[in-house]
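Where a number appears in this text, it was derived from the coordinates with a stated rule and is not lab data. Everything numeric in this text was worked out from a predicted model, so none of it was measured. In this analysis, Cβ positions are derived from the backbone assuming ideal geometry, glycine residues included, and neighbour counts consider all displayed protein chains.
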Amino acid sequence: MPIDKYLRDIEIAKLAFIGSSIATLGDGIAALAAGLALEALQQDYKTKNNSRTASIKSTKKQLDHFINELVKIRNNVG
């Protein structure tokens, strides 16, 4: 084999190595982005769930108050 062919094969191998390294780095960045997106979604869910729970508690408290007022009215009338 001529030396030029060996040099060409070495250059091709270097390019293949660089390309696969870049692809691996890209996969790592994509995995990191997916992990961050998952974490953000989980945090949003927890925040919304906590907000919903607080809203339900507030509504329940208001309903309890109205029911108590109705009971007082019923007791005064009856």
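Site pair ILE56 and VAL77 shows an inter-label distance of 3.2 nm when each label is modelled 7 Å from Cα along Cα→Cβ. Evaluated over the chain, the count of Lys pairs having alpha-carbon atoms less than 26 Å apart is 10 (only pairs 8 or more residues apart or interchain). Checking [x] 12.4, 39; [y] 16.8, 50; [z] 33.4, 112 against the coordinates, the calculated Rg and Dmax of the Cα atoms in Å falls under label [z].
Helical content alone sets the calculated 222 nm signal of the chain at -36500 deg cm²/dmol, taking -39,500 (n - 2.57) per DSSP H segment of four or more residues and averaging over every residue. For the range 44-49, the Karplus equation 6.51 cos²θ - 1.76 cosθ + 1.60, evaluated at θ = phi - 60°, returns couplings of 4, 4, 4, 5, 5, 5 Hz by residue, with Gly and Pro reported as x.
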